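Undergrad: Shown below is the structure under consideration.
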Amino acid sequence: MPRVSKPAAERREEILDAAERLFATKGVSATTTGDILDAVGIAKGTLYYHFTSKDAILSALIERTAALIAERAAQAAASGLPAPRRFMAVIGAMRVKGDAAALIDGLHDAANTHFHLLSLVTTIRALTPILVGVVEDGIAEGSFTCSDPRTTIEILLTSGAMLVDEGIFTGEADQAPRRMAGVLLAAEALLSTAPGALTGPAAPASPEAEG
């Protein structure tokens, strides 16, 4: 059957979609470029036109996942809700499902440490400016007090991402809700917001609390 020519952007996304499915089901280490070629139905030269290696595909998937999370987070941040509720909505937007979640779980393997850290750093970098904007809005409306929003957000995102990551604290998934609750209490303190603004019954559930 003759191969179908497609626009470069469409073909690139097709390769990424196929690779994500394979990484999620077969595993990152076990998946070969040959598997990806077969799944997409393209020649090796077509694959290498878009990506120089399997590692390049994985890096692109990490970037794409972070961009999708940031897009959802930006939508949550743009709502007309008070800043504390928008802050929690952005945190909730970090949750991923399906193949993207399975891919991230696969990065917890020791052989994928570089990409595991790349995923954490890429996501933190994507979310930082969004949450900084929410904090600045909160300062303007009087719900937050913070002299250095960017550093504060970097501290909170990094500590939260590390503490609830099962690839770092292996075998301690049951501790994630407690740790996330602690990060949110720290956020209330660092942002000098009202007690319970991020942790009380009126606050949206954190990703870990959702299940």
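Undergrad: Under the 0.36 nm per residue contour assumption, what length would be gained going from the current alpha-carbon distance of Glu166 and Thr33 to full extension?
TA: My answer for the length gained is 45.1 nm.
Undergrad: Name the residues of segment 17-37 whose amide N is less than 15 Å from a point 7 angstrom out from the Cα of Glu63 along the C-beta direction?
TA: Those under the cut-off are 17.
Undergrad: If packing is taken as the average number of other Cβ atoms within 10 Å across a peptide's residues, how do 168-181, 46-59, 79-92 rank, most packed first?
TA: Sorting 168-181, 46-59, 79-92 by mean packing, highest first, produces 79-92, 46-59, 168-181.
Undergrad: Counting pairs of alpha carbon atoms under 8 Å apart in space and at least six apart in sequence, what relative contact order in percent does the chain give?
TA: So the answer I get is 20 percent.
Undergrad: Also: Please list, or write none, the lysines whose alpha carbon is within less than 18 Å of the alpha carbon of Lys97, excluding same-chain residues fewer than 8 places away.
TA: By straight Cα distance, Lys97 reaches Lys26.
Undergrad: Rounded if a/c is under 1.5, else prolate if a/b is larger than b/c, else oblate: which is segment 1-115, with a ≥ b ≥ c the root eigenvalues of its Cα gyration tensor? Numbers along the way, then the final one.
TA: Details: a/c = 3.01, a/b = 1.79, b/c = 1.68.
Prolate, since a/c reaches 1.5 and a/b exceeds b/c.
Undergrad: Something else: What nm distance separates the two modelled labels at Asp109 and Ser192, each placed 7 Å from Cα along Cα→Cβ?
TA: The two pseudo-label positions are separated by 4.9 nm.
Undergrad: In whole Hz, with x marking every Gly and Pro, tabulate ³J(HN,Hα) for segment 107-118 from phi via Karplus 6.51 cos²θ - 1.76 cosθ + 1.60, θ = phi - 60°.
TA: Coupling constants for segment 107-118: 6, 6, 4, 4, 5, 10, 4, 4, 6, 4, 5, 4 Hz.
Undergrad: For the chain, find the longest principal axis of its Cα atoms and tell me its angle to the long axis of helix 83-92, 0 to 90°, nearest 10.
TA: Helix 83-92 and the main axis of the chain meet at about 30 degrees.
Undergrad: Over the alpha carbons of segment 42-190, what is the largest minus smallest coordinate on each principal axis, giving the biggest first in Å?
TA: On the principal axes, segment 42-190 reaches 58, 34, 25 Å in Cα extent.
Undergrad: Can I ask one more? Give me the orientation-averaged projected area of the Cα convex hull of segment 62-122, in nm², one decimal.
TA: Convex hull of Cα atoms, orientation-averaged projection: 4.3 nm².
Undergrad: Here is a further query. Using a Förster distance of 25 angstrom, determine the FRET efficiency expected from the C-beta separation of Thr25 and Ala74, and round it to 0.05.
TA: Computed FRET efficiency for Thr25 and Ala74: 0.25.
Undergrad: Let me ask something else. Go through Arg12, Arg64, Arg150 and list them by solvent-accessible area, largest first, probe radius 1.4 Å.
TA: Accessible-area ranking of Arg12, Arg64, Arg150, largest first: Arg150, Arg12, Arg64.
Undergrad: Once the Cα atoms of helix 149-163 and of the chain are each reduced to a long axis, what angle between those two axes, in degrees from 0 to 90 to the nearest 10, is obtained?
TA: 60 degrees
Undergrad: Reachable lysines from Lys6, Cα under 22 Å, same-chain residues fewer than 8 places away excluded?
TA: Within the straight-line limit of under 22 Å, Lys6 reaches these lysines: Lys44, Lys54.
Undergrad: Let me have the 222 nm mean residue ellipticity of the chain computed from DSSP H runs of 4+ only, each contributing -39500 (n - 2.57), with the sum over all residues rounded to the nearest 500.
TA: That calculation yields -21000 deg cm²/dmol at 222 nm.
The values are calculated or read from the model by the stated rules, or taken from the named source; none is laboratory data. Bear in mind the structure is a predicted one, so any value in this text is a computation, not a measurement. Here Cβ is always computed from backbone atoms with ideal geometry, including for glycine, and neighbour counts include all displayed protein chains. When the accessible area is computed, the model is the full protein with side chains, heavy atoms only, and any ligands, DNA or RNA have been set aside. Shrake-Rupley method; radii C 1.70, N 1.55, O 1.52, S 1.80 Å.
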